[in-house]
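Read-outs: derived from the displayed coordinates by stated rules, not from any lab. Source: prediction; values computed, not measured. Glycine also receives a Cβ, built like all others from the backbone with ideal geometry; neighbour counts cover every protein chain displayed.
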Amino acid sequence: MRDIAINIPIKVYDINELNTDDKELVNKAIEATKTSYAPYSHFSVGAAARLENGTIITGSNQENAAYPSGTCAERTTLFYAGAAFPDQSVKTIAIAAKNEKGDFLTQPIPPCGACRQVMLETETRYGKPMRVLLYGSEGIYELRSVGDLLPLSFSAKDME
Ligand SMILES: [Zn+2]
């Protein structure tokens, strides 16, 4: 038996410590929560992706009475980015969420497992790291890549 430790570096920023581009992206994610369609969970999530060409794509969670038919903000955003700009890698994605009372989460919003898997494939598809900014009103997490968000991940290369 032996132990393996996985060390994942995360930088924590106050919003005013972010550079101009990242601050803009986080603010776009915050703004995107307003377009959320969440009559069931009452949990509004917004995401904003900055593509390699500088374009910013935003999305939000879209729910459905047939529950699994809905999609999270992260996947709405990345699938739209892939459909509209298939040749552009995603440099950075920012995610924000607010609860039923309209309060943004104090702690950074963690993407669900399904979204992490899609984020990972978006990253591996272009072969370039996608930085991740998770907004919390008391601090923003920055991860260097999606790989850091999903250690021991499964991807297409595991099927070879
Ligand atoms: Zn999700």
Take Glu160 and Tyr67, extend 7 Å from each Cα along the Cα→Cβ direction, and tell me the distance between the two endpoints in nm. 3.9
Take each of the peptides 3-12, 65-74, average the number of other beta-carbon atoms within 10 Å over its residues, and list them starting from the highest. 65-74, 3-12
Sort 138-145, 88-95 by the packing proxy (mean of other Cβ within 10 Å over each peptide's residues), most packed first. 88-95, 138-145
Considering lysine pairs in the chain that are 8 or more places apart or on different chains, how many have Cα atoms under 19 Å apart? 11
Asp21/Glu121 FRET efficiency (R0 25 Å; Cβ-Cβ; nearest 0.05): 0.55
As a check on your grasp of the helix formula, calculate [θ] at 222 nm for the chain: sum -39500 (n - 2.57) over DSSP H runs of n ≥ 4, divide by the residue count, round to the nearest 500. -7500 deg cm²/dmol
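What is the dipole size for segment 7-91, taken about its Cα centre, with +1 at each Lys and Arg Cβ and -1 at each Asp and Glu Cβ, in debye to the nearest 20?
On the way: 7 positive and 10 negative charges, 28 e Å.
About 140 debye.
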Within 10 Å, count the other beta carbons around each residue, average over each peptide in 50-59, 150-159, and list them highest first. 50-59, 150-159
Pull out a ≥ b ≥ c, the square roots of the eigenvalues of the alpha-carbon gyration tensor of segment 14-64, then state rounded if a/c is under 1.5, prolate if not and a/b is larger than b/c, and oblate in the remaining case. oblate
